[in-house]
Structures are given as C-alpha cells and as structure tokens.
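Here the structure is laid out as structure tokens; the discussion comes afterwards.
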C-alpha cells in the first residue's frame, strides 16, 4: 500500500484535510460527532475520510470520496 502525501497541494484540493475535518466535527451537534467518531472507530478510517465520504455521498450517491464526486444539478 502506497503512503499518501497529505501535505501536497493536490491532496489539499482533492480531499478533506485532518485540520478541516476537526473544525467541521467541532461545529456539529454532539450526537452527530459521536456517531461519526464511532463509525470511524468501527471502520478504522480516519475521521476526515468518514466526513468526506458522508458529504460526497450526499452530493453523489454513487461516489466514494471527493475525487470521484460528480454531482449534477438541474
């Protein structure tokens, strides 16, 4: 498995950063925070990935993350 450089400009534009994820998480109601953190713990995914998948899935039900998210608005 190849390591991902989370500090590159490309990564910053394609994925949610850990810092941004913590800021978003802090702004959510405690019940939602707990559910997202529990899901992250259950899956072993970092919280930024869980948040990204949740947002991307809302925008495009067939995508996994922001990179393949192609929402279409009418």
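Looking only at the stretch 1-25, count every residue that is at pLDDT below 90 and not in a loop (DSSP other than H, G, I, E, B) and tell me the total.
Start the filter on the stretch 1-25 by keeping residues that are at pLDDT below 90, which leaves 1-15.
Pick out the ones that are also not in a loop (DSSP other than H, G, I, E, B) and you get 9-14.
Adding up the residues that qualify gives 6.
In the stretch 60-68, is there at least one residue being part of a loop (DSSP other than H, G, I, E, B), loosely packed, with under 11 Cβ neighbours inside 10 Å and either at pLDDT 85 or above or within 14 Å of the chain's Cα centre (by Cα) (or both)?
So the first thing to find is which residues in the stretch 60-68 are part of a loop (DSSP other than H, G, I, E, B), and the list is 60-65.
Keeping just the survivors that are loosely packed, with under 11 Cβ neighbours inside 10 Å gives 61-62.
Checking the rest, the ones that are also either at pLDDT 85 or above or within 14 Å of the chain's Cα centre (by Cα) (or both) come to 61-62.
Yes - at least one qualifying residue is present in the stretch 60-68.
I want to confirm something. Restricting to the stretch 28-37 and keeping residues that are in a helix (DSSP H, G or I) and touching a helix residue (DSSP H, G or I) at 6+ places or on another chain (Cβ under 9 Å), which single residue is surrounded by the most Cβ atoms within 10 Å (Cβ to Cβ)?
Filtering the stretch 28-37 down to residues in a helix (DSSP H, G or I) leaves 30-37.
Applying the additional criterion that residues be touching a helix residue (DSSP H, G or I) at 6+ places or on another chain (Cβ under 9 Å) yields 32-33, 36-37.
Working: 32: 12, 33: 15, 36: 18, 37: 13.
Once the filter is applied, the top-ranked residue is 36.
Could you please find all residues in the stretch 38-54 being without any contact (Cβ under 8 Å) to a residue 12 or more places away in the chain and part of a helix (DSSP H, G or I)? Walk me through it before giving the result.
Start the filter on the stretch 38-54 by keeping residues that are without any contact (Cβ under 8 Å) to a residue 12 or more places away in the chain, which leaves 38-45.
Correct list: 38, 39, 40, 41, 42, 43.
The values are calculated or read from the model by the stated rules, or taken from the named source; none is laboratory data. These numbers come from a predicted model, not from an experiment. Cβ coordinates were reconstructed from backbone atoms using ideal geometry, including for glycine residues, and neighbour counts include every protein chain displayed.
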